[in-house]
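Okay, so here's the structure we're looking at.
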Amino acid sequence: MKWNLIRTKVLAALVACLVMGVGGILALMHYSFARNSQTLAAESVTGAQKLFTILEARETSKMTVVSETLMMNPQVRDAFAAKDRARLLELTSPLYPKLKSEGITNWMFHTPEPDMGSFFVYTTRRSLATT
(Lines give C-alpha, C1' and ligand atoms only; values in the text may rest on other atoms or scores of the structure.)
Protein backbone atom coordinates (compact mmCIF):
# COMPACT_ATOMS: atom_id res chain seq x y z
CA MET A 1 0.00 0.00 0.00
CA LYS A 2 1.26 3.38 -0.84
CA TRP A 3 0.58 6.18 1.62
CA ASN A 4 0.42 8.79 -1.02
CA LEU A 5 -2.70 7.31 -2.64
CA ILE A 6 -5.97 9.10 -1.79
CA ARG A 7 -7.77 5.81 -1.30
CA THR A 8 -5.28 4.79 1.43
CA LYS A 9 -5.53 8.15 3.16
CA VAL A 10 -9.34 8.09 3.15
CA LEU A 11 -9.37 4.50 4.38
CA ALA A 12 -6.94 5.34 7.19
CA ALA A 13 -9.05 8.36 8.18
CA LEU A 14 -12.21 6.21 8.22
CA VAL A 15 -10.57 3.52 10.36
CA ALA A 16 -9.25 6.18 12.76
CA CYS A 17 -12.75 7.73 13.04
CA LEU A 18 -14.28 4.31 13.58
CA VAL A 19 -11.82 3.45 16.36
CA MET A 20 -12.36 6.84 18.04
CA GLY A 21 -16.13 6.52 17.70
CA VAL A 22 -16.22 3.01 19.19
CA GLY A 23 -13.88 4.13 21.98
CA GLY A 24 -16.10 7.15 22.72
CA ILE A 25 -19.24 5.02 22.75
CA LEU A 26 -17.62 2.49 25.12
CA ALA A 27 -16.46 5.27 27.44
CA LEU A 28 -19.95 6.81 27.43
CA MET A 29 -21.56 3.43 28.14
CA HIS A 30 -19.16 2.81 31.04
CA TYR A 31 -19.91 6.24 32.55
CA SER A 32 -23.65 5.75 32.11
CA PHE A 33 -23.56 2.28 33.68
CA ALA A 34 -21.56 3.52 36.69
CA ARG A 35 -23.89 6.48 37.24
CA ASN A 36 -27.04 4.35 36.90
CA SER A 37 -25.62 1.73 39.27
CA GLN A 38 -24.96 4.36 41.93
CA THR A 39 -28.43 5.86 41.51
CA LEU A 40 -30.15 2.47 41.73
CA ALA A 41 -28.11 1.51 44.79
CA ALA A 42 -29.04 4.76 46.54
CA GLU A 43 -32.73 4.31 45.67
CA SER A 44 -32.61 0.73 46.93
CA VAL A 45 -31.13 1.77 50.28
CA THR A 46 -33.67 4.57 50.65
CA GLY A 47 -36.52 2.18 49.86
CA ALA A 48 -35.23 -0.37 52.35
CA GLN A 49 -34.97 2.31 55.04
CA LYS A 50 -38.55 3.42 54.42
CA LEU A 51 -39.80 -0.17 54.50
CA PHE A 52 -37.91 -0.86 57.72
CA THR A 53 -39.42 2.25 59.33
CA ILE A 54 -42.92 1.16 58.31
CA LEU A 55 -42.41 -2.41 59.59
CA GLU A 56 -40.89 -1.15 62.83
CA ALA A 57 -43.84 1.18 63.43
CA ARG A 58 -46.27 -1.66 62.72
CA GLU A 59 -44.56 -4.03 65.15
CA THR A 60 -44.32 -1.34 67.82
CA SER A 61 -48.01 -0.60 67.38
CA LYS A 62 -48.88 -4.29 67.78
CA MET A 63 -46.87 -4.63 70.96
CA THR A 64 -48.28 -1.38 72.37
CA VAL A 65 -51.83 -2.66 71.87
CA VAL A 66 -50.99 -5.99 73.53
CA SER A 67 -49.29 -4.26 76.48
CA GLU A 68 -52.12 -1.81 77.00
CA THR A 69 -54.69 -4.62 76.81
CA LEU A 70 -52.84 -6.63 79.45
CA MET A 71 -52.41 -3.60 81.73
CA MET A 72 -56.17 -3.05 81.64
CA ASN A 73 -56.78 -6.57 82.95
CA PRO A 74 -56.62 -6.39 86.78
CA GLN A 75 -56.04 -10.14 87.15
CA VAL A 76 -52.97 -10.07 84.91
CA ARG A 77 -51.74 -6.90 86.62
CA ASP A 78 -52.15 -8.46 90.09
CA ALA A 79 -50.47 -11.73 89.09
CA PHE A 80 -47.52 -9.84 87.64
CA ALA A 81 -47.26 -7.55 90.67
CA ALA A 82 -47.33 -10.59 92.98
CA LYS A 83 -44.68 -12.28 90.79
CA ASP A 84 -46.95 -15.30 90.46
CA ARG A 85 -45.65 -16.96 87.28
CA ALA A 86 -48.10 -19.86 87.44
CA ARG A 87 -51.09 -17.51 87.59
CA LEU A 88 -49.60 -15.28 84.89
CA LEU A 89 -49.17 -18.30 82.63
CA GLU A 90 -52.73 -19.44 83.34
CA LEU A 91 -54.17 -16.01 82.51
CA THR A 92 -52.09 -15.22 79.42
CA SER A 93 -51.45 -18.58 77.75
CA PRO A 94 -54.78 -18.53 75.85
CA LEU A 95 -53.68 -15.25 74.22
CA TYR A 96 -50.33 -16.49 72.93
CA PRO A 97 -51.57 -18.67 70.02
CA LYS A 98 -53.52 -15.70 68.62
CA LEU A 99 -50.51 -13.41 69.00
CA LYS A 100 -48.31 -16.05 67.39
CA SER A 101 -50.66 -16.21 64.40
CA GLU A 102 -50.25 -12.43 64.06
CA GLY A 103 -46.47 -12.80 63.84
CA ILE A 104 -45.49 -12.21 67.46
CA THR A 105 -43.03 -15.00 68.18
CA ASN A 106 -41.54 -13.76 71.44
CA TRP A 107 -43.51 -12.23 74.24
CA MET A 108 -41.85 -11.10 77.45
CA PHE A 109 -42.83 -9.69 80.79
CA HIS A 110 -40.08 -7.44 82.15
CA THR A 111 -39.62 -6.32 85.72
CA PRO A 112 -39.69 -2.55 86.27
CA GLU A 113 -36.63 -0.34 86.54
CA PRO A 114 -33.90 -0.42 87.79
CA ASP A 115 -33.80 -4.23 87.44
CA MET A 116 -35.43 -4.49 83.96
CA GLY A 117 -34.99 -8.27 83.91
CA SER A 118 -37.09 -10.78 82.02
CA PHE A 119 -39.63 -12.10 84.50
CA PHE A 120 -41.54 -14.36 82.13
CA VAL A 121 -40.95 -15.24 78.47
CA TYR A 122 -43.11 -16.86 75.82
CA THR A 123 -41.24 -18.12 72.75
CA THR A 124 -42.28 -20.11 69.71
CA ARG A 125 -41.34 -23.33 71.52
CA ARG A 126 -42.66 -22.86 75.07
CA SER A 127 -43.07 -20.48 77.97
CA LEU A 128 -40.10 -19.97 80.25
CA ALA A 129 -40.01 -18.73 83.78
CA THR A 130 -36.86 -16.67 84.26
CA THR A 131 -35.41 -14.67 87.07
I'd like to know which of 64, 27, 37 lies farthest towards the positive end of the charge dipole of the chain, counting +1 on Cβ of Lys and Arg and -1 on Cβ of Asp and Glu. 27
Segment 20-34 scanned against label point 7 Å out from residue 42 along Cα→C-beta; backbone N under 15 Å for 32-34
Whole-Hz Karplus ³J(HN,Hα) for segment 95-112, in order, using 6.51 cos²θ - 1.76 cosθ + 1.60 and θ = phi - 60°, x for Gly and Pro? 7, 4, x, 5, 5, 4, 5, 8, x, 8, 9, 10, 9, 10, 10, 9, 6, x
Per residue, how much accessible surface does the chain expose to a 1.4 Å probe? Answer in Å², no decimals. 79 Å²
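Given a 1.4 Å probe and heavy atoms of the protein chains only, how would you sort 78, 84, largest accessible area at the top?
Solvent-accessible surface, decreasing: 78, 84.
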Non-local residues with an amide H under 5 Å from the amide H of residue 120, with H modelled 1.01 Å from N and Pro and chain starts lacking one, are 109, 130
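Which percent of the accessible area of the chain is formed by carbon and sulfur heavy atoms (probe 1.4 angstrom)? Each step should come with its number before you reach the end.
Details: 6830 of 10340 Å².
The computed percentage sits at 66.
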Given charges at beta-carbon only (K, R positive; D, E negative), |dipole| of the chain in Debye: 960 debye
From the list (1) 16.8, 51; (2) 13.8, 42; (3) 34.1, 107, can you say which value of Rg and Dmax of the Cα atoms in Å was derived from the structure given? (3)
Within segment 1-112, how many Lys pairs sit with Cα atoms under 29 Å apart, leaving out pairs fewer than 8 places apart on the same chain? 8
Return the sequence-ordered ³J(HN,Hα) values of segment 73-84 in whole Hz as given by the Karplus equation 6.51 cos²θ - 1.76 cosθ + 1.60 applied to θ = phi - 60°, using x for Gly and Pro. 8, x, 5, 5, 4, 5, 5, 5, 5, 7, 6, 9
Excluding ligands and nucleic acids, what accessible area in Å² is computed for residue 6 using a 1.4 Å probe, to the nearest 10? 130 Å²
Per-residue HN-Hα couplings for segment 56-63, Karplus 6.51 cos²θ - 1.76 cosθ + 1.60 at θ = phi - 60°, whole Hz, x for Gly and Pro? 5, 4, 5, 5, 5, 4, 4, 5
Sort 27-35, 69-77 by packing, meaning the average of other beta carbons within 10 Å per residue, with the highest value first. 69-77, 27-35
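The values are calculated or read from the model by the stated rules, or taken from the named source; none is laboratory data. Keep in mind that what you see is a predicted model, and the values were worked out from it rather than measured. Please note: Cβ atoms are built from the backbone with ideal geometry, for glycine as well, and neighbour counts cover all protein chains shown. Calculation scope for accessible area: heavy atoms of the full protein, side chains included, ligands and nucleic acids excluded. Shrake-Rupley method; radii C 1.70, N 1.55, O 1.52, S 1.80 Å.
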